[in-house]
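Novice: Can you keep this structure in mind? I'll have questions shortly.
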Amino acid sequence: MSRNIIVLGAGIVGVSVAWYLARRGHAVTLVDRREPGRETSFGNAGIIQREAVRPYAFPRDLGTLLRVLPNRQVDIRYRTTGMVSAAGPLVQYWINSGGARYERIVNEYASLIMRCQDTHATMIEASGAEALVGKGGWLELYRTRKAMDERLKEARENHERFAVDYEELDAEALQAKEPNLAKGLVGAIHWTQPWMVADPGALVQAYAKSVEELGGRVMQASVEDVSQVGTGWRVMTSEGALEADQVVVAMGPWTGELLSRLGLDVPLFVKRGYHMHYSAEEGATLNHWVMDAERGFLLEPMRAGIRLTTGAELADLNSPPRYQQLAAAEKAARKLFPLGKRRDAEPWKGARPCMPDMKPVIGPAPGKPGLWLAFGHGHQGFTLGPATGELLAQMMDGETPAVDMTPFRLDRF
């Protein structure tokens, strides 16, 4: 039976939820203060990461913690205020990042990752966005044999357990694929399955247009309040009131604030990140998305230029930007590849919505009939948006979802 459903948040997760619901014949209104795909979904590395079956764990070895402590690294930086305000979730994040707890989380997390390409493919075809998506994978670069061997051991295990495909490249093979990279790298892991998106924001916009073609409505307005009215829901926006049978909250890092007003405590924290686009020096080309694994940054040849994306910054959502991490990444990147001039007027800043057990929240809101949740995807919102949309739509229609969704319910906390 068709229902009237409002989806709050037009990032990759919200757009995907709206698309899968509209495809099932529901009357969907997608609401966001900005155009689709202009927040966190705009600024990521543009990889649909089929290989990312293990979520990013909190460093637990003493060597890494001592390395991070001076707060000068490219891969991770922190602000004291952000660490204090997120102290509870961060402690739980550390606890969940090792031993049997982490291995259980990996199995649950991988069940979502393994659906990422099938669900994206359905949306890519429907939206006619094939030109934005390239195949052939990306390269994880290594400077030391020890670090590469450790990662290869994990890759072999992931291949056996989760059908992750990869190719080991020695220095000569890497140089053949990327002749303009600096000498001195010992090799790379070529993750061959992932898909690369030349303009992540444009892909989300193509998906949103497809929502409209399926009969959905895309509305640009600020969400001011959400309340339960009888058996339905009312959403107050800057453009007026909306009423619906059900509401989906998919507002990424802004979800916690909204849910707190509804009496739901969410242990969400953010990892912020920055990016900048560059030209290449004359005659230089970058053929693949590449990650400097031991420095912690990525270079991606996109439509807007070569995008440099930083690692994580643990800070409050609304703290003013600090560009030292990007500057450090740029300095390291220029030694790796001959970057030219900056192309953007100023760096982009975004925030990844993270949960203390590294898993997203997908499912019903406890004690709030008709309210559904889809947030907290951490580093993999772009990868997992369509899988989330497919699975949540199955749940909302009372079907048995393709994956056991018990580990992703909010009431696990």
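Novice: Please state which one of PHE408, PHE297 is at pLDDT 95 or above, assigned by TED's automatic domain parsing to the domain that holds ILE5, buried (at least 22 other Cβ atoms within 10 Å of the Cβ) and out of contact with any Cys (no Cβ under 7 Å at 6 or more places or on another chain).
Specialist: On the way: PHE297 fails: assigned by TED's automatic domain parsing to the domain that holds ILE5.
PHE408 is the lone residue from the list that is at pLDDT 95 or above, assigned by TED's automatic domain parsing to the domain that holds ILE5, buried (at least 22 other Cβ atoms within 10 Å of the Cβ) and out of contact with any Cys (no Cβ under 7 Å at 6 or more places or on another chain).
Novice: Might you let me know whether segment 241-257 holds any residue that is of a type in the set (D, E, K, R) and within 29 Å of HIS379 (Cα to Cα)?
Specialist: Step one: of segment 241-257, the residues of a type in the set (D, E, K, R) are 243, 245, 257.
Those still in the list that are within 29 Å of HIS379 (Cα to Cα) too: 257.
Within segment 241-257, one or more residues are of a type in the set (D, E, K, R) and within 29 Å of HIS379 (Cα to Cα).
Novice: Applying the selection to segment 303-322, what residues are surrounded by fewer than 20 Cβ atoms within 10 Å (Cβ to Cβ) and closer than 23 Å to GLU281 by Cα?
Specialist: ARG303, ALA304, GLY305
Novice: Using the structure shown, decide if ARG352 is charged (D, E, K, R), surrounded by fewer than 19 Cβ atoms within 10 Å (Cβ to Cβ) and either under 13 Å from VAL248 (Cα atoms) or out of contact with any Cys (no Cβ under 6 Å at 6 or more places or on another chain) (or both).
Specialist: Details: charged (D, E, K, R): yes; surrounded by fewer than 19 Cβ atoms within 10 Å (Cβ to Cβ): no; either under 13 Å from VAL248 (Cα atoms) or out of contact with any Cys (no Cβ under 6 Å at 6 or more places or on another chain) (or both): yes.
No; evaluated as a whole, the condition is false for this residue.
Novice: Something else: Check off (1) at pLDDT below 95; (2) more than 18 Å from GLU390 (Cα to Cα); (3) not basic (Lys, Arg) for MET1 and give me the number that stays unchecked.
Specialist: Status for MET1: all satisfied but (2).
Novice: While we're on this one: State whether one or more residues within segment 175-190 are buried (at least 16 other Cβ atoms within 10 Å of the Cβ) and under 30 Å from GLY252 (Cβ atoms).
Specialist: Within segment 175-190, one or more residues are buried (at least 16 other Cβ atoms within 10 Å of the Cβ) and under 30 Å from GLY252 (Cβ atoms).
Novice: Looking at (1) outside any strand (DSSP E or B); (2) in contact with a helix residue (DSSP H, G or I) (Cβ under 7 Å, 6 or more places away or on another chain), which one does ALA333 not meet, given that it meets all the others?
Specialist: Of (1) outside any strand (DSSP E or B); (2) in contact with a helix residue (DSSP H, G or I) (Cβ under 7 Å, 6 or more places away or on another chain), only one is false for ALA333: (2).
Novice: In segment 68-92, what count of residues is obtained for those that are more than 28 Å from LEU299 (Cβ to Cβ) and surrounded by 13 or more Cβ atoms within 10 Å (Cβ to Cβ)?
Specialist: First pass over segment 68-92, keeping only residues more than 28 Å from LEU299 (Cβ to Cβ): 80-81, 83-92.
Remaining after also requiring surrounded by 13 or more Cβ atoms within 10 Å (Cβ to Cβ): 83, 85-86, 89-90, 92.
Total meeting the criteria: 6.
Novice: Take the conditions within 20 Å of the chain's Cα centre (by Cα), under 29 Å from GLY88 (Cα atoms) and of a type outside the set (Phe, Trp, Tyr) and apply them to HIS288. Does it pass?
Specialist: No: the conditions fail for HIS288.
Okay, residues lined up against (1) outside the structural domain of GLY11 (by TED's automatic domain parsing); (2) part of a strand (DSSP E or B); (3) of a type in the set (D, E, K, R):
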| position | (1), (2), (3) |
| --- | --- |
| ALA100 | no, no, no |
| THR119 | no, no, no |
| ALA126 | no, no, no |
| MET148 | yes, no, no |
| VAL164 | yes, no, no |
| LEU169 | yes, yes, no |
| ALA176 | yes, no, no |
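The values are calculated or read from the model by the stated rules, or taken from the named source; none is laboratory data. Computed from a predicted model, the values in this text were never measured in an experiment. Glycine gets a Cβ as well: all are built from the backbone with ideal geometry, and neighbour counts include every protein chain shown.
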